[in-house]
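See below for the structure under consideration.
The values are calculated or read from the model by the stated rules, or taken from the named source; none is laboratory data. Treat the numbers as computed from the prediction; the structure is a model and nothing was measured. Methodologically, a virtual Cβ is constructed for each residue, glycine included, from the backbone with ideal geometry; neighbour enumeration extends over all protein chains shown.
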Amino acid sequence: MDKKNIVVVGAGPAGMMAAIRAGQLGKKVTLLEKNPGLGRKLLLSGKGRCNLTNACAQDSFLTRFGKNGQFLRDAFKKFFNRELMDFFEKRGLALKVERQLRVFPVSNTSSSILDVLKRELTKSKTEVLCKKEIEAIVAQGKRIKGVFLKGGGISGV
C-alpha cells in the first residue's frame, strides 16, 4: 500500500483548503478528485464570479441558523470570513464587498480564486490526482487507513 500522511477526498474549495493547510504543516498530502479538473463547481458559483464569503459579524451570521448556529461558534473562532479574506488577499487576490455584505474577487471571475488555490496546492507540494473515484474507505477501529479507488488502485494513509 502506498503510504500517505493524509488523503483528502474531493477537490472542491474545502478539500483544496484542507490539503493546502495540511501541506503547510509539513504533511505529505494526496488530493483525490473524481472530475477531470479541480474546482468545477467553484467556477460556476456566483454566476461565474464566486461569492467567496460574507462580511457579516460572526454573531450576526450565526443568528441566521437559530440555536443550531451555536454549533459553529468554536470552528468560526478559529477561521471565519476575515481569515478567509486574509488568505486570498495575502496571495495577491483583491476582494470587494457588495450588497448584502457578499464578498467577491475584484476580477469578478471565479477562476481567479481557483488560480490562487492551485498555486497554493503546488507550493504545499500536494499530490493532485484527478479522475479518481473512491470505491471504499478502509477503516481500522476509529482510524481511516486508506481508500480503494474505482477501477483499481489504493491510496493509504
message = Quick check on region 103-123. Is at least one of its residues surrounded by 12 or more Cβ atoms within 10 Å (Cβ to Cβ), of a type outside the set (S, T, N, Q) and over 30 Å from Thr30 (Cβ atoms)?
response = yes
request  = Write out, first by first residue and then by second, each pair whose Cβ atoms fall under 6 Å of each other, whose residues are 6+ apart or on separate chains, and whose first residue, in region 89-101, is under 19 Å from Gln58 (Cα atoms) while the second is of a type in the set (S, T, N, Q).
outcome  = Leu101/Asn54
ask   = From the set of residues in region 19-45 that are of a type in the set (Gly, Ala, Ser) and surrounded by 17 or more Cβ atoms within 10 Å (Cβ to Cβ), which is nearest to Cys130 (Cα to Cα)?
value = Gly39
key: Odd one out for Phe80 among (1) surrounded by 14 or more Cβ atoms within 10 Å (Cβ to Cβ); (2) assigned by the TED database to the domain that holds Phe148; (3) free of Cβ contacts under 8 Å to residues at least 60 places away in the same chain   = (2)
key: Residues of region 85-102 satisfying the condition of being under 14 Å from Met17 (Cα atoms) and buried (at least 17 other Cβ atoms within 10 Å of the Cβ)   = Met85, Phe87, Phe88
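Residue under question is Leu121, and the condition is that it be part of a helix (DSSP H, G or I), under 22 Å from Gly10 (Cα atoms), in contact with a strand residue (DSSP E or B) (Cβ under 7 Å, 6 or more places away or on another chain) and not assigned by the TED database to the domain that holds Ile6; does it hold? If you could, list the steps in order and put the result at the bottom.
On the way: part of a helix (DSSP H, G or I): yes; under 22 Å from Gly10 (Cα atoms): yes; in contact with a strand residue (DSSP E or B) (Cβ under 7 Å, 6 or more places away or on another chain): yes; not assigned by the TED database to the domain that holds Ile6: no.
It is false that Leu121 is part of a helix (DSSP H, G or I), under 22 Å from Gly10 (Cα atoms), in contact with a strand residue (DSSP E or B) (Cβ under 7 Å, 6 or more places away or on another chain) and not assigned by the TED database to the domain that holds Ile6.
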key: Number of the condition not met by Asp74 [criteria: (1) at pLDDT 90 or above; (2) over 18 Å from the mean Cα position of the chain (by Cα); (3) among the acidic types (Asp, Glu)]   = (1)
